[in-house]
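Below is one structure, written out as structure tokens; the observations come after it.
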Amino acid sequence: MIVAMQEAATDEQIQQVVEHLIRMGFSVHRTTGARQTVLAAVGARVDFDTRNLEVLAGVQEVHRISAPYKLAGRSFRPQGTVIEFANGLQVGGEQVVVMAGPCSVESREQLFTIAEQISKAGARVLRGGAFKPRTSPYSFQGLGLEALKLLREAADRFDMLVISEVMEISQIAMMVPYVDILQVGARNMQNFNLLRELGKIKKPVLLKRGIAATLEELLLSAEYIMSGGNYEVILCERGIRTFETYTRNTLDISAIPIVHKLSHLPMASDPSHGTGLRDKVPPMARASVAAGADVLLIEVHHDPDRALSDGAQSLYPDQFSQLMGELRMIAPAVGRKL
């Protein structure tokens, strides 16, 4: 249920409505926009009359929400969520934010070489895996804490933020001092224990869609994080598994406008994992921006033929620079900038 307060509602009136909802058995999440406060009441109770709330002082209107995701739904924040960082970067605003870097951190030389090149091209966030979930137990699994330290050092040197994937609860405390955004990969989209813990911290979380997940399931996974009090969630389309075998996955670009209609959360696209083929990444990145993506995740490697993971889908730095130039022409056509 959504309770929209009047613009002139006082803090006392808002608190009285909150207390009334709690007595009814709901948990209450409050969001304050530019002109009014909105209360999201979450709970299983259905035997209530909205008129009992509408008559309370300061209440403008009350809406039942039929969708199972209450906090991730557009009704909770009709104006949309904009995530702001200390360096002034905004995710979900007018600017399309590009997060780029290698699939995994392999060495200091590798990371700093790539970080310098992508920062010159316009990337604002450095991506790189410290812990790598791999299908084979014999594949490279990442450098762990050493990689986190290198990511932080490289990002600080080249004026970028850091995003890296968290795979389990025990890694959260280790990663928080080094990263600005915690990424939840497709394999962990429904790791609900991990999502609950991420709801307790005050760090933005980028949540990737599972390979066979519906959009409702993606939004419900975001609900796990948000129900813990962390509303800074970025959703990510990274390709789903279909009957097509030519590409690694099928990048569902239609998910971008659909999620924007259903949810207030920023939406990212990962054309690297979505296609798995270097020459398919640029056209899918261009299409994603045209479809309204707020964020692009793109893998870049200076020597992809020798990359320890996902070299086939990593762009060369000069390809990345060319793509950024193309995106700067596309973004204004859809009311955005890069």
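Side notes on the structure shown:
- Annotation: amide H-H contacts under 5 Å for Arg248 (H modelled 1.01 Å from N, sequence separation of 5 or more, or interchain): Gly276, Leu277.
- Exceeding the 27 Å Cα-Cα cut-off - candidates Lys70/Lys337; Lys203/Lys280; Lys70/Lys149; Lys149/Lys208; Lys149/Lys200: Lys70/Lys337; Lys203/Lys280; Lys70/Lys149
- Compactness check for the chain: Cα Rg over 2.2 N^0.38 Å is 1.04.
- Ranked list, fewest to most other Cβ atoms within 10 Å of each Cβ, for Met329, Met174: Met329, Met174
- Segment Ser170-Asn193, length gained on full extension (0.36 nm per residue, minus Cα span): 7.1 nm
- Spatially, region 60-91 and region 129-152 are offset by 33 Å when compared through their Cα centroids.
- The amide H of Gly122, built 1.01 Å from its N in the peptide plane, has no neighbour under 5 Å, considering only residues 5 or more places off or on other chains.
- Relative to the longest principal axis of the Cα atoms of the chain, the long axis of helix 317-330 makes an angle of roughly 40 degrees.
- Region 67-82 - phi-based ³J(HN,Hα) in whole Hz, Karplus 6.51/-1.76/1.60, Gly and Pro as x: 5, x, 9, 8, 7, 7, x, 4, 4, 5, 9, x, 7, x, 9, 10
- Summary value for the chain: 16 percent relative contact order, contacts being C-alpha pairs under 8 angstrom separated by 6+ residues.
- Placing +1 on each Lys and Arg Cβ and -1 on each Asp and Glu Cβ, with no other charges, gives region 2-66 a dipole about its Cα centre of roughly 200 debye.
- Between 0 and 90°, nearest 10: helix 145-157 axis offset from the chain longest Cα axis: 90
- Neighbour-count ranking [beta-carbon atoms within 10 angstrom, fewest first] of Asp180, Asp252: Asp252, Asp180
- Karplus (6.51, -1.76, 1.60) ³J(HN,Hα), θ = phi - 60°, over region 186-199, in Hz, Gly and Pro reported as x: 4, 5, 9, 4, 10, 7, 5, 5, 5, 4, 4, 5, 5, x
- Separation of alpha-carbon centers, region 292-338 and region 105-126, rounded to whole Å: 13
- Residue-count net charge about Val82 - beta-carbon cut-off 15 Å; Lys, Arg +1, Asp, Glu -1: +1
- In this simple spin-label model, placing a label point 7 Å from the Cα along the Cα-to-Cβ direction at both Val82 and Glu7 gives a separation of 1.9 nm.
- Binning all Cα-Cα separations of region 2-66 at 10 Å, short to long from zero, yields these whole-percent fractions: 22, 62, 16, 0.
- 3J(HN,Hα) along region 30-41: 10, 10, 10, x, 5, 10, 8, 9, 10, 10, 9, 9 Hz, from the Karplus curve 6.51 cos²θ - 1.76 cosθ + 1.60 with θ = phi - 60°, whole Hz, x for Gly and Pro.
- In degrees, nearest ten, helix 281-291 long axis to first principal axis of the chain (Cα): 20
- The separation of region 245-267 from region 1-55, counted between C-alpha centres, amounts to 32 Å.
- Once the Kirkwood radius over Cα pairs is known for region 115-181, the Stokes-Einstein relation at 20 °C and 1.002 mPa s delivers a diffusion coefficient of 172 µm²/s.
- When each of Glu197, Glu217, Glu165, Glu244 is scored by the number of other beta-carbon atoms lying within 10 Å, the sequence from fewest to most is Glu244, Glu217, Glu197, Glu165.
- Nonlocal amide H pairs with Glu106, under 5 Å, H built at 1.01 Å: Leu111
- Modelled FRET efficiency - R0 22 Å, Glu61 with Ile258, Cβ distances, 0.05 increments: 0.25
- Fully extending the segment from Ala312 to Ala212, taken as 0.36 nm per residue of separation minus the present Cα-Cα distance, adds 33.7 nm.
- Here the sum of -39500 (n - 2.57) over DSSP H runs of 4 or more residues, divided by the residues of the chain, equals -9000 deg cm²/dmol at 222 nm, to the nearest 500.
Each value in this text was obtained by applying a stated rule to the coordinates, not by laboratory testing. Because the structure is predicted, anything quoted here is derived from the model rather than measured. Backbone-built Cβ (ideal geometry, glycine too); neighbour counts: all protein chains shown.
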